[in-house]
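The values are calculated or read from the model by the stated rules, or taken from the named source; none is laboratory data. Here the structure is a predicted model, which is why all the values come from computation and not from measurement. A quick note on method: Cβ atoms are made from the backbone with ideal geometry, for glycine too, and the neighbour counts reach across all protein chains shown.
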Ligand code: CA
C-alpha cells in the first residue's frame, strides 16, 4: 500500500542504515547513491516516497526534489547537513514534505517517513488506486496492475507506460513526441510514429472501448478519453 521508498544518499554506510531501518518497518526499499540515477528512476515512476540527501556528488539534490514533485507528486523527506534555518525553510518551500537534519536517528527518520506517508495517502487518496470511466478501468501503479471491467489486462511495458502516462492526466492531450519521451521504451529509438502501433495494440487489448479510452486527437496526439472517478 505504501509503494516503494526510494532512498537517494551517496554515503553508502548511511544509505544501508536507512534501508535496513525502513525494511524492518515493513517498507520495500530501492536505493541509489547517484542523483542522475534517481532522476531516471523517478521518471519511470512507481515510488511512494523519496528519502533524499540534498548534498549529492553528481546532481544538485534540489533538482531531484523538483523532479519528484513533478507529475505524480511523490512525497519527499529531505536529509540535509545544512542546519541553517533558512535552508530548511527553503527546502520545504521547494516542495519537501519534511526534513531531517544530519546527524539523525534512523528511528526518527522512519517515524517521519511514516507520518508523511500517512498524511499524503489520506489526503490525496494514493492508498486507493485510481479508477476511470465509472468504475470500469482501474490502474494500480503500486501493484503494476490494470483491470478493465474486472479483468486483468496483460500489457507490455510500453503499453503499460502509455496507459499510465495518459491516465496521469485524463483529458490532457499528449503529443507523440511527449509520449515517446515519457514512456522511454528502447524500441522507440526516437521514432515517434512507432507510438501509433503501440497505441493500436493497447486499444486492441482494451476491446470495444479501446478507441474511447485512448482517444486520437487529430493533428495533436492522444489522450485518455475516460475521466477519473476518484
Ligand atoms: Ca551527501
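Below is a table of values for the structure above.
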| read-out | value |
| --- | --- |
| Test result for residue 17, under 15 Å from the mean Cα position of the chain (by Cα) and more than 12 Å from the ligand (Cβ to nearest atom) | no |
| Residue in segment 19-29 that is closer than 16 Å to residue 113 by Cβ and either outside the structural domain of residue 78 (by TED's automatic domain parsing) or assigned to a strand (DSSP E or B) (or both) present | yes |
| Residue 219 free of Cβ contacts under 8 Å to residues at least 40 places away in the same chain and either touching a strand residue (DSSP E or B) at 6+ places or on another chain (Cβ under 8 Å) or not in a helix (DSSP H, G or I) (or both) | yes |
| Among (1) in a helix (DSSP H, G or I); (2) under 20 Å from residue 96 (Cβ atoms), the one test that residue 51 misses | (1) |
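Here's the yes/no breakdown for (1) within 28 Å of residue 182 (Cβ to Cβ); (2) within 14 Å of the ligand (Cβ to nearest atom):
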{"position": "4", "(1), (2)": "yes, no"}
{"position": "10", "(1), (2)": "yes, yes"}
{"position": "22", "(1), (2)": "no, no"}
{"position": "55", "(1), (2)": "no, yes"}
{"position": "80", "(1), (2)": "no, yes"}
